[in-house]
Each structure stands twice: as structure tokens, then as C-alpha cells.
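Data block below; observations after.
The values are calculated or read from the model by the stated rules, or taken from the named source; none is laboratory data. Bear in mind the structure is a predicted one, so any value in this text is a computation, not a measurement. Note that each Cβ is placed from the backbone with ideal geometry, even for glycine, and that neighbours are counted across all protein chains shown. SASA here: full protein model, heavy atoms, side chains in, ligands and nucleic acids out. Shrake-Rupley method; radii C 1.70, N 1.55, O 1.52, S 1.80 Å.
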Amino acid sequence: MGSRVSNIIASVDGKCPSCRTDLKLVVHALQNAPEWKSDETPATKFQNVTESPYAPPKTIELPTEPSDHFDVFHVLFSFRGRIPRSIYWLASILAPLVLIVLLVFVEALLIKDSQLLGWIALLVYLAIIWMSFALGVKRLHDKDWTGWLIVFGLIPGLGQLLLVVTAGLMRGTEGQNRYGPDPLELLK
């Protein structure tokens with residue numbers, strides 16, 4: 001029994017590092033559910049649990065849709081989890097373009113107020129820098145490397161080339177690693 005519970009990886013707040021699902025219910029269900037025989041499936045085991053006011057639900061729906069793991073906010077702003085190369089390149093190209101188009105649109109509206117336009121431009125550029133770091137860290141996590149290696153990307157020339165090769169061209173770790181499930185499996 002203990003081996004099933006100890007294999008669940010959660011962050012400090014008790015949520016899945018990738019999809020932020022609360023894992024307390026899953027652990028509670030595994031600890032309190034009866035053992036199943038080798039010919040039973042886990043779904044059969046959870047159907048045999050009797051209901052009480054204090055028992056967890058009979059079945060627990062864990063997110064399996066790619067949108068649960070790859071929503072826009074998570075991909076662009078979070079430093080947790082892993083993303084595949086396709087999402088990395090798509091977000092690296094489209095997100096800054098959208099923000100720059102938005103900045104040009106705001107500039108057309110605020111031609112007379114250059115100070116406000118300067119502050120808006122600063123916020124847009126800071127958002128682009130944040131997104132670049134977040135995307136790079138998640139790609140390094142996909143290689144099962146620490147996100148702090150993103151600092152090497154600040155070295156002009158060689159560091160940036162190294163980051164483009166590792167983050168943009170190399171395949172990540174196959175299967176689960178310490179930063180979450182394989183993102184290519186989640187896309188299937």
C-alpha cells in the first residue's frame with residue numbers, strides 16, 4: 001500500500017506540478033481503498049468502496065486533456081512543468097508578435113501621451129522577457145535539467161546558441177522525470 005502512495009509526486013502545496021490538480025483526494029483514496037486482486041482493474045477497486053459522508057468520491061477524474069497541462073497562462077508565465085519543442089517554438093514566436101502588435105495599436109491610440117506609452121512599452125518588454133525565461137526553463141525541465149541553466153543564455157553568442165540548441169532542437173527526456181510527465185504523451 002505504501003509504495004503506491006509514495007510514488008505520487010507533488011509540489012510543496014500538494015498539487016500536481018504539471019496540471020496543479022489537488023492530490024490529497026488521490027492519496028486519501030489510495031490509502032483507504034481495499035486492495036484489489038491481480039485480475040481486478042483499479043476502476044473495479046474504486047467501485048467496491050462504500051460511500052460514507054467522510055469517504056472520498058468513488059472515482060477520481062484526473063485531467064487528461066492537453067489543455068489542462070498546456071493552457072496559455074501556464075505555458076507563457078509559469079516556471080513549472082515541461083513543454084515540448086512544438087509548443088516552445090509556437091509560443092516563442094507568436095506571443096512576442098501579439099504583444100508587439102498590441103503595443104503598436106496602443107501607440108496609435110496614445111500618440112499624444114508619450115510618457116504613458118513609454119510605461120506600456122516597458123511592461124510589454126518585461127512580459128516578453130518573462131515569457132522567454134519561462135519557456136526556456138520549461139524546455140530545460142523537459143531535458144531533466146535545472147531551470148537555473150537558463151542563466152547561460154545571458155552569455156552573448158555562445159550561451160544563446162547553447163540555449164537555442166538545447167531548448168529548441170533537442171528532444172526532452174522520454175517518460176516521466178522529476179519535473180512532470182512527458183509532454184509528448186500528454187499531447188496524444
Let me spell it out: the conditions are (1) open to solvent by 80 Å² or more (accessible area, probe 1.4 Å); (2) over 27 Å from L186 (Cβ atoms), and A121 meets all of them except one. Which number is the exception? (1)
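Among the β-branched types (V, I, T), open to solvent by 80 Å² or more (accessible area, probe 1.4 Å), at pLDDT 85 or above and over 16 Å from the mean Cα position of the chain (by Cα): is that true of I155 in this structure?
On the way: among the β-branched types (V, I, T): yes; open to solvent by 80 Å² or more (accessible area, probe 1.4 Å): yes; at pLDDT 85 or above: yes; over 16 Å from the mean Cα position of the chain (by Cα): yes.
Yes: the conditions hold for I155.
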If Q176 satisfies every condition in (1) at pLDDT 90 or above; (2) within 17 Å of the chain's Cα centre (by Cα) but one, which is the exception? (1)
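Could you say whether any residue in the stretch 50-73 is of a type in the set (A, V, I, L, M) and at pLDDT 80 or above?
Taking the stretch 50-73 first, the residues of a type in the set (A, V, I, L, M) are 55, 60, 62, 72.
Okay, now just the ones that are also at pLDDT 80 or above, so 72.
Within the stretch 50-73, one or more residues are of a type in the set (A, V, I, L, M) and at pLDDT 80 or above.
Mind listing whichever residues of the stretch 130-162 are among the basic types (K, R) and either at positive phi or touching a strand residue (DSSP E or B) at 6+ places or on another chain (Cβ under 9 Å) (or both)?
K143
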State whether the residues of the stretch 104-116 include one that is buried (at least 17 other Cβ atoms within 10 Å of the Cβ) and at negative phi. no
Could you please find all residues in the stretch 129-152 being in contact (Cβ under 8 Å) with a residue 24 or more places away in the chain, within 21 Å of Q176 (Cβ to Cβ) and open to solvent by 20 Å² or more (accessible area, probe 1.4 Å)? K143, D144
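Which one is nearest to D142 (Cα to Cα) among residues in the stretch 158-181 that are open to solvent by less than 60 Å² (accessible area, probe 1.4 Å) and among the β-branched types (V, I, T)?
Start the filter on the stretch 158-181 by keeping residues that are open to solvent by less than 60 Å² (accessible area, probe 1.4 Å), which leaves 159, 163, 165-168, 172-173, 175, 177, 179-181.
Still in the list and also among the β-branched types (V, I, T): 165-166, 173.
Values: V165: 13, T166: 10, T173: 6 Å.
Top of the filtered list is T173.
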With the requirement that a residue be under 19 Å from R80 (Cβ atoms) and among the charged types (D, E, K, R), what does the stretch 132-188 give you? K138, R139, D142, K143, D144, R178, D182, E185
